[in-house]
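Right, one structure below, let's go through it.
Nothing in this text is a laboratory measurement; each read-out follows from the coordinates by a stated rule. Because the structure is a prediction, the values reported are computed rather than measured. Note that we place each Cβ from the backbone using ideal geometry, even for glycine, and neighbour counts take in every protein chain shown.
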Amino acid sequence: EDVIDGYSYERIESISKFLLDRTKQRPEIGIICGTGMGGLADMLEDKEIFPYKDIPDFPVSTVPGHSGRLVFGNLNGKSIICMQGRFHVYEGYSVWKCAMPVRVMKLIGVKTLIVTNAAGGLNRNFTVGDIMFIKDHINFPGFGGDNPLRGRNDDRWGPRFPPMSNAYDLGLRQLARTVAKELNLEKYLQEGVYCMLGGPSYETVSEMMALTLLGADAVGMSTAHEVIAARHCGIRVFGMSLITNICVMEHDSEKPLANHEEVMETGNRRRKDLEKLVTGIIMKLDTV
Ligand code: 6GU
């Protein structure tokens, strides 16, 4: 058989059952923490922590700066499930495996997913430390046929050919803008298109220029496949990128390129603001 089976519905059901048997929490909000943003999970109260290695049939994440655990907890009385550390294609996992935890969240009862990531800024108006609300994505691996929904479709998740227009919920973005205003974070605020590439190498100058021509404002190595899986099964999505470095788009430039240390450091510097933003959004979620 040449058709991808991925994780069957039943396999994901048994993963979610494993978790539901071990926690009384029934979160309707999920968070995926990007590089350097694991503090989002740390701020939860009454945490119940499941390291990926202790969850049967779960992959394990291998990147420095990513803890690799599912955290259940409360934020001002609201139950949350948080992926502290995500799976990346460059670790060697297929996109459908990387996106699988989103389906676990679905069976746990998640209705709204907040995804965060560290990204390189392509838009010339961006500066390091900006927060970009994602209004759309370009799923580059998808251009080549590598989509998390590739393979047999199980209609219990969603349709064979799901639309991806309005993948990033407008109502949630408007709410997030209000929260950012209240927190005086407007000066760091951007809104734009996130482009996912597989990594792990950063982009060449010519590749960055090509992505800019395509309309991308930021580039990173995650998120798009998770959002596709979420939209497929009817979870609404809010996404934001922390701009950790600015892409140098000149050939023969002496300026240094992005490095993982810079990405981590910017994450640490703006962590508190991101946490406040996410908390504020979650507090107001009932209103949209
Ligand atoms: Cl410049 N590129 C990619 N692909 N991912 C990043 C990045 C750049 N900066 C942070 N993450």
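A few points about this structure:
- Matching residues, segment 106-146, being of a type outside the set (A, V, I, L, M), crowded, with 20+ Cβ neighbours inside 10 Å and part of a loop (DSSP other than H, G, I, E, B): F126, D130
- Any hit, segment 205-220, residues being in a helix (DSSP H, G or I), within 11 Å of the ligand (Cβ to nearest atom) and crowded, with 18+ Cβ neighbours inside 10 Å: yes
- Breaking point among (1) in contact with a Ser or Thr (Cβ under 6 Å, 6 or more places away or on another chain); (2) of a type outside the set (D, E); (3) closer than 15 Å to F143 by Cα, for I228: (1)
- Selection of segment 120-143 for residues being aliphatic (A, V, I, L, M) and more than 16 Å from L213 (Cβ to Cβ) yields V128, I131, M132, I134.
- Any hit, segment 232-250, residues being in contact (Cβ under 8 Å) with a residue 60 or more places away in the chain, of a type in the set (S, T, N, Q) and assigned to a loop (DSSP other than H, G, I, E, B): no
- Considering residues of segment 69-119 that are small (G, A, S) and out of contact with any helix residue (DSSP H, G or I) (no Cβ under 8 Å at 6 or more places or on another chain) only, the residue farthest from the ligand (Cβ to nearest atom): G77
- All conditions but one from (1) among the aliphatic types (A, V, I, L, M); (2) more than 9 Å from the ligand (Cβ to nearest atom); (3) touching a strand residue (DSSP E or B) at 6+ places or on another chain (Cβ under 6 Å); (4) in contact (Cβ under 8 Å) with a residue 60 or more places away in the chain apply to M283; the one that does not is (3).
- Among the residues of segment 65-84, those that are within 23 Å of E262 (Cβ to Cβ), touching a strand residue (DSSP E or B) at 6+ places or on another chain (Cβ under 7 Å) and of a type in the set (G, A, S) comprise S67, G68.
- Taking segment 225-257 as the range and being touching a Gly at 6+ places or on another chain (Cβ under 7 Å) and more than 21 Å from R270 (Cα to Cα) as the test, the residues that pass are V227, H232, C233, G234.
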